[in-house]
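Visitor: Handing you a structure now.
The values are calculated or read from the model by the stated rules, or taken from the named source; none is laboratory data. If you're wondering where the values come from, they're calculated on a predicted model, not measured in any experiment. Here the Cβ positions follow ideal geometry from the backbone for every residue, glycine too, while neighbour counts run over all protein chains shown. The protein model used for the area step is the full one, side chains on, heavy atoms only, and it has no ligands, DNA or RNA in it. Shrake-Rupley method; radii C 1.70, N 1.55, O 1.52, S 1.80 Å.
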Amino acid sequence: MLEIEIKVKVINIDEIKSRILSIGGKHSETVVEEDLYYNAPHRDFGVTDEALRVRSAGGKTILTYKGPKNTLMGSKIREEHNVHLDKSETFDTILRNLGFKPVARVRKLREYYTYQDFSIALDKVDDLGEFIEIELITENDAKNAAIRVDNLAEKLGVVGDRISISYLELLLSKH
């Protein structure tokens, strides 16, 4: 699966929220997400542009691997695989015993919305600010998905520079 996504820092998140609802978008949930990122002992994910993350949110824990980023028409494209975990602490112990090192923790308040087959997230990220992410998942039609993401961004009035790096990279660049 390919994740096609744009991320833009926003000035007025409430205005974007109103636009999402006005076009028929539906709020699905609001959660606090804590993401703990790891680096591998056998290669540096910062160099290979990969990510290994354990996300805890709403009583659920998900392990995510993300492959190197590519871009198409301003959208970020990456391979992504997810696995649900029973206990993040146990998995953390396994990773540390295998030599993986925690890199940083990213915490955000995320409001999830759906519109057609899009996932939209409005994020208030600790130490970084407010953002919108518009995402489509596709098996093999990245170009069409990128066009559709662009069209929705325009419809919602999302303007500004597209951010192709992760919240982790944004946070690490501040330090």
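Visitor: Within the set of pairs 6+ apart or on separate chains, which have a first residue in the range 22-49 that is among the hydroxyl-bearing types (Ser, Thr, Tyr), a second that is part of a loop (DSSP other than H, G, I, E, B) and open to solvent by less than 40 Å² (accessible area, probe 1.4 Å), and C-beta atoms under 7 Å apart?
Guide: Short answer, once both residue conditions are applied: 38/100.
Visitor: Taking interchain pairs and intrachain pairs at least six residues apart, which have beta carbon atoms under 6 angstrom, with the first residue in the range 69-93 and closer than 28 Å to residue 134 by Cα and the second assigned to a loop (DSSP other than H, G, I, E, B)?
Guide: Sorted first by the residue in the range 69-93, then by its partner, the pairs are 69/49; 71/164; 76/69; 76/164; 78/67; 78/69; 79/67.
Visitor: Now, a different point. Residue 134: open to solvent by less than 60 Å² (accessible area, probe 1.4 Å) and modelled with pLDDT of 95 or more, yes or no?
Guide: yes
Visitor: Here's a check for you: in the range 153-175, which residue that is in a helix (DSSP H, G or I) and among the charged types (D, E, K, R) is most open to solvent (accessible area, probe 1.4 Å)?
Guide: 154
Visitor: What is the residue count in the range 31-55 for residues that are among the aliphatic types (A, V, I, L, M), touching a strand residue (DSSP E or B) at 6+ places or on another chain (Cβ under 6 Å) and within 11 Å of residue 68 (Cβ to Cβ)?
Guide: Final tally of qualifying residues: 1.
Visitor: Let me ask something additional. Can you run down the residue pairs with Cβ atoms below 9 Å, 6 or more apart or on separate chains, where the first is in the range 143-154 and over 14 Å from residue 120 (Cα atoms) and modelled with pLDDT under 90 and the partner is open to solvent by 40 Å² or more (accessible area, probe 1.4 Å) and among the basic types (Lys, Arg)?
Guide: none
Visitor: Let me ask another. Would you point out the residue of the range 118-128, among those that are surrounded by fewer than 17 Cβ atoms within 10 Å (Cβ to Cβ) and in contact with an Asp or Glu (Cβ under 9 Å, 6 or more places away or on another chain), that is farthest from residue 25 (Cα to Cα)?
Guide: 124
Visitor: Just wondering, is there one or more residues in the range 69-87 that are under 25 Å from residue 152 (Cα atoms), of a type in the set (S, T, N, Q) and modelled with pLDDT of 95 or more?
Guide: Within the range 69-87 (the criterion being under 25 Å from residue 152 (Cα atoms), of a type in the set (S, T, N, Q) and modelled with pLDDT of 95 or more), the answer is no, since none of the residues qualifies.
Visitor: Output the helices (runs of 4 or more DSSP H) that fall wholly within the range 1-117 and possess 2 or more residues being among the polar types (S, T, N, Q) and either surrounded by fewer than 17 Cβ atoms within 10 Å (Cβ to Cβ) or in contact with a helix residue (DSSP H, G or I) (Cβ under 8 Å, 6 or more places away or on another chain) (or both), or say none.
Guide: On the way: elements: 13-22, 45-48, 88-97.
In the range 1-117, 13-22, 88-97 are the helices (runs of 4 or more DSSP H) which contain 2 or more residues that are among the polar types (S, T, N, Q) and either surrounded by fewer than 17 Cβ atoms within 10 Å (Cβ to Cβ) or in contact with a helix residue (DSSP H, G or I) (Cβ under 8 Å, 6 or more places away or on another chain) (or both).
Visitor: Would you confirm, using the coordinates I've provided, whether residue 139 is at pLDDT below 95 and open to solvent by 30 Å² or more (accessible area, probe 1.4 Å)?
Guide: Criteria met by residue 139.
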